[in-house]
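> Sharing a structure below in structure tokens format, with a few things to ask.
The values are calculated or read from the model by the stated rules, or taken from the named source; none is laboratory data. On a predicted model such as this, the values are computed, not experimentally measured, just so you know. Virtual Cβ from ideal backbone geometry, glycine too; neighbours counted across all protein chains shown.
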């Protein structure tokens, strides 16, 4: 309890410190009764508030459900398919174009329909996580579905039953549904859907942290011309690019406490219902008419992506490979050329995996336009870049995986281990008998060297980096299903074959060494080593790998060739064995990011594209409250030292600090066929420093510090340090055992103790404090306060957030013609900033009820105030009481719309 | 050698005289149309009509997409499949079409989102497996309970008379195995 109060106090202090310079009144604006900007936007902007956050707040928000999402619709495949179909059935280009629009309409309208039914408590929530066990039938179906890849027929049947009984009371016959699985209908739940023509200051919360006056004014100007930046989802005249489109769906669910508890279930349910309803519901068939039957064949889950418009999430982030690999799509959403993309871990031969980014970079940028929206001239251009990168990456992984499984299958099926061994044996005998002099023999020697090097590194009992991966691969249901669908063969069979082959090859290599076929003179031509080996061993990357196939094929008939296309699969025994090994490494590599790139789960993906701290918090690599905790700890420690020193005057004191734990690697584990990561931290949790200030005792200006941290300066806040000499003892030398960069530890962790002596130039304070017991507690109190203030100035690591309602901001802009500096704070606190509270009350109530912008207001207290709107020559009259105008809750019925303007208020 | 094998397959087997057509209707339904010679029993067996059956195909889930399986079919068919040499009897064909949820994929199928619309690359690949003649080849695949493709099972090749033969596919391509080093 005390801790919570202290945290609240600290956070509010942090706010206050940053707000000292701002004055909370608007008196600097000249007295003005009329509205400066009378020409208003005709498009009422129905958007959620913009939530600006700093790093810690953004990290914290990742554990909360979003109320605003972007929807990326990729309909390139559909377009291609419709074009083929149109030729088959004799239709023209309009057929394709209308089909694309009809698809977009069906996706967005159905999403809205499902969202509304969930918000109205007509459809039950399908919980995710432990709460799914409250529904026994659903929970059992999920368990069964986890065993297969893709859509699950049982889940489809279950959803069908729910859909058919929605809006009624029949749910309880299907499962153990109670009120817990329904959202309570709030007074005004609503959804709004916009097509994004162009990214703009309406996404300013993705571009920066605390919005200043200039930013606010830019947002207001954008609201003024909002028709240039966004339009309604079904305005297809504005959607000229037929390949993809990006939309924004905002929800306003007023019961925020319930939303915090059930928001993640909401999005999880929405995606499941959408997948089913798109193919099976009558509503979708009507929306998609006349394309409904055809649309049922679309891989919907590959065609749409949801991603949060801000730091909140759609699904609770997990530290799992699926979650991390989906989030790694962030790199594909950024602006990068092909060369930069090729450097990504997901395209390497031996990738570190999606968790490696967390280890490499534990404090990435956030809210600084990390998706490069500003670099594209339109929303379509940004979406197009993302779609193309995604398509290219998918193609790469699919080809790699499909080729690897196919070639491994062929070698196993047609050659097995024995044929390869026979060829290897003959190769060896030939080399020994020929004396290894010919050009052909030279190639064979190189090839055998490659064979043994590659198998030893990959498959040797002691050296292997792949062996542990293989055991891991066997446990994963995903890849087994893929392998079976492509080759009718379980991946375990292929893994067992490669293991058997490796044992045979490694034995053969031992015999080759005994035969001394690589004795002098022999120089390895490293270019011929497999690309994965070159990457793994970090062999000069400037030299392009050289496949020996062309050299070998001149000398012999290949062992395995495709009949129809005359494609050589492999040439010699060594070549076939190496190809098998490379194929297995390719399979292992492809799996690292497969969940992100391919649609294996049959679920619509919802990556945390704009918030890299989602996975960092889930994997415990960043604690949003870490700085707050350490600040409290420091402060309390100093208070404690002040208390102790008041009673026990001593020149020795202890300084203890909570260290930031750093993730150095991850353990992997398989649970229900999914891979989860468990972080391993560096061992330091607490840094203790013992300080003995000998100055006053020994009359020497030396203060000795013993610490595990070479940078420890416990009194550094107060002293102007002089010359420091330091020596550290290290636990061990820098022998780093690492399988890759992810395993390399920070050198600091080897330090056990440092002793430093600071010749303090201002030792007087300390000296005085030792002799005067009253001063010493003050010294620690002062140290505590200075430390606290210094910590609170950290702009990133104390959670801070600001919320701006674009329409309230716009009303201030219209009123004054600009955003007064004195309004900034109020606007950032999600409040209106007009001249008088009475005016605020009238404008807010009118605008939110009638979805029209006010162009001027004449307040007549105790009478009928006049509200002017564009397009109406007569004012709307508002009945305002004489007293309490600012505080009286006005209602829709308090406004009288002139009969000549009623048409402006009719729903379109 | 290959031509001889195909000749043997096509002309030494039972003929049950039906043409198989992959059709998309005006209402965008997918059908397999069987045109039978009156005296034959395939249409009679399947839809109780003598001359023509129109079998409405169910949704082929995720078939308009670039998932791994569709890529495998459209991008590396010849590297992955070959004919086993076995041709299905009339009874087997009826049985397959009646008992299974199936999908037919022609060379110009709208499910092919991998090639340009004008390209007939995939059609040529199927045709080459049929023996290179004007054979209007057609793949038949079975669907899982959820509507996704389970496997591609048969290739239908037509002769010059328009009579289709249903050939079994192997999940392995035709290969040449070289001898071990001398």
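> Out of (1) in contact with a strand residue (DSSP E or B) (Cβ under 7 Å, 6 or more places away or on another chain); (2) within 20 Å of residue A:268 (Cα to Cα); (3) within 14 Å of chain B (Cβ to nearest Cβ), what's the single condition that is false for residue A:112?
(3)
> Could you pull out the residue among A:397, A:411, A:366, A:457 that is part of a helix (DSSP H, G or I) and away from every other protein chain (no Cβ under 12 Å)?
Answer to the selection: A:457.
> Oh, and also: Here's a check for you: in segment A:316-339, which residue that is part of a loop (DSSP other than H, G, I, E, B) and either in contact with a helix residue (DSSP H, G or I) (Cβ under 6 Å, 6 or more places away or on another chain) or within 14 Å of chain B (Cβ to nearest Cβ) (or both) is nearest to residue A:394 (Cα to Cα)?
Looking at residues that are part of a loop (DSSP other than H, G, I, E, B) and either in contact with a helix residue (DSSP H, G or I) (Cβ under 6 Å, 6 or more places away or on another chain) or within 14 Å of chain B (Cβ to nearest Cβ) (or both), I get A:329.
> Okay, moving on. Looking only at residues in segment B:99-121 that are touching a helix residue (DSSP H, G or I) at 6+ places or on another chain (Cβ under 6 Å) and at pLDDT 90 or above, which one is farthest from residue A:82 (Cα to Cα)?
B:107
> Hey, can you tell me all the residues within segment A:414-429 that are surrounded by 19 or more Cβ atoms within 10 Å (Cβ to Cβ) and either within 7 Å of chain B (Cβ to nearest Cβ) or outside any helix (DSSP H, G or I) (or both)?
Residues satisfying the conditions are A:415, A:419, A:423, A:427.
> While we're looking at this one, here's another question. Are any residues in segment A:142-151 surrounded by 21 or more Cβ atoms within 10 Å (Cβ to Cβ) and on the phi < 0 side of the Ramachandran plot, and if so, which ones?
A:149, A:151
> Condition (residue is modelled with pLDDT of 90 or more and touching a strand residue (DSSP E or B) at 6+ places or on another chain (Cβ under 9 Å)) applied to segment A:788-800: is it met by at least one residue?
For segment A:788-800, residues modelled with pLDDT of 90 or more and touching a strand residue (DSSP E or B) at 6+ places or on another chain (Cβ under 9 Å): present.
> I would also like to ask the following. Check residue A:377 against each of (1) over 23 Å from residue A:248 (Cβ atoms); (2) in a loop (DSSP other than H, G, I, E, B); (3) out of contact with any helix residue (DSSP H, G or I) (no Cβ under 9 Å at 6 or more places or on another chain) and name the one condition it does not meet.
(1)
> Scan segment A:140-163 residue by residue and report those that are more than 14 Å from every other protein chain (Cβ to nearest Cβ) and within 27 Å of residue A:597 (Cα to Cα).
A:142, A:143, A:146
> How about segment B:66-170: which strands (runs of 3 or more DSSP E) wholly inside it have at least 2 residues that are touching a residue at least 40 places away in the same chain (Cβ under 8 Å) and at the interface with chain A (Cβ under 8 Å from one of its Cβ atoms)?
Fully inside segment B:66-170 and qualifying: nothing.
> Please go through segment A:162-181 and pick out each residue that is crowded, with 18+ Cβ neighbours inside 10 Å and under 23 Å from residue A:260 (Cα atoms).
A:177, A:181
> Same structure again: Of the residues that make up segment A:40-54, is at least one in a helix (DSSP H, G or I), at pLDDT 95 or above and in contact with a strand residue (DSSP E or B) (Cβ under 7 Å, 6 or more places away or on another chain)?
The answer is no, given that none of the residues of segment A:40-54 is in a helix (DSSP H, G or I), at pLDDT 95 or above and in contact with a strand residue (DSSP E or B) (Cβ under 7 Å, 6 or more places away or on another chain).
> Out of A:624, A:558, A:607, I need the residue that is within 12 Å of chain B (Cβ to nearest Cβ), at pLDDT 85 or above and in a loop (DSSP other than H, G, I, E, B). Which one?
Sole residue among the options that is within 12 Å of chain B (Cβ to nearest Cβ), at pLDDT 85 or above and in a loop (DSSP other than H, G, I, E, B): A:558.
> Need the failing condition index for residue B:53 against (1) without any contact (Cβ under 8 Å) to a residue 40 or more places away in the chain; (2) closer than 30 Å to residue A:397 by Cα, just the number.
Residue B:53 satisfies every listed condition except (2).
> Do we find a residue being modelled with pLDDT under 90, away from chain A (no Cβ under 14 Å) and under 30 Å from residue A:570 (Cα atoms) anywhere in segment B:25-40?
no
> Looking at segment A:877-884, is at least one residue buried (at least 21 other Cβ atoms within 10 Å of the Cβ) and either within 22 Å of residue A:204 (Cα to Cα) or at pLDDT 85 or above (or both)?
For segment A:877-884, residues buried (at least 21 other Cβ atoms within 10 Å of the Cβ) and either within 22 Å of residue A:204 (Cα to Cα) or at pLDDT 85 or above (or both): present.
> Taking segment A:525-539 as the region of interest, how many residues are out of contact with any helix residue (DSSP H, G or I) (no Cβ under 6 Å at 6 or more places or on another chain), in a loop (DSSP other than H, G, I, E, B) and either touching a residue at least 12 places away in the same chain (Cβ under 8 Å) or surrounded by 15 or more Cβ atoms within 10 Å (Cβ to Cβ) (or both)?
Here the count works out to 1.
> Any chance segment B:52-65 includes a residue that's more than 14 Å from chain A (Cβ to nearest Cβ), surrounded by 17 or more Cβ atoms within 10 Å (Cβ to Cβ) and outside any strand (DSSP E or B)?
For segment B:52-65, residues more than 14 Å from chain A (Cβ to nearest Cβ), surrounded by 17 or more Cβ atoms within 10 Å (Cβ to Cβ) and outside any strand (DSSP E or B): absent.
> Just one of the numbered conditions (1) farther than 30 Å from residue B:146 by Cβ; (2) in contact with a strand residue (DSSP E or B) (Cβ under 9 Å, 6 or more places away or on another chain) is not true of residue A:623; which one?
Checking residue A:623 against (1) farther than 30 Å from residue B:146 by Cβ; (2) in contact with a strand residue (DSSP E or B) (Cβ under 9 Å, 6 or more places away or on another chain), the one that fails is (2).
> I've got another one for you. From A:569, A:517, grab the single residue that is part of a loop (DSSP other than H, G, I, E, B) and in contact (Cβ under 8 Å) with a residue 40 or more places away in the chain.
It is A:517.
> Buried (at least 21 other Cβ atoms within 10 Å of the Cβ), in contact (Cβ under 8 Å) with a residue 60 or more places away in the chain and more than 30 Å from residue A:241 (Cα to Cα): does that describe residue A:155?
Judged against the criteria, residue A:155 is not a match.
> Pick from A:88, A:104: which is touching a strand residue (DSSP E or B) at 6+ places or on another chain (Cβ under 9 Å) and either within 11 Å of chain B (Cβ to nearest Cβ) or part of a strand (DSSP E or B) (or both)?
A:88
> Only residues that are farther than 22 Å from residue A:197 by Cα and either assigned to a strand (DSSP E or B) or over 19 Å from the mean Cα position of the chain (by Cα) (or both): list them for segment A:62-76, please.
Answer for segment A:62-76, where residues must be farther than 22 Å from residue A:197 by Cα and either assigned to a strand (DSSP E or B) or over 19 Å from the mean Cα position of the chain (by Cα) (or both): just A:65.
> I'd like the residue in segment A:285-301 that is buried (at least 23 other Cβ atoms within 10 Å of the Cβ) and under 27 Å from the mean Cα position of the chain (by Cα) and, out of all such residues, is nearest to the other protein chains (Cβ to nearest Cβ).
Ranking the candidates gives A:298 first.
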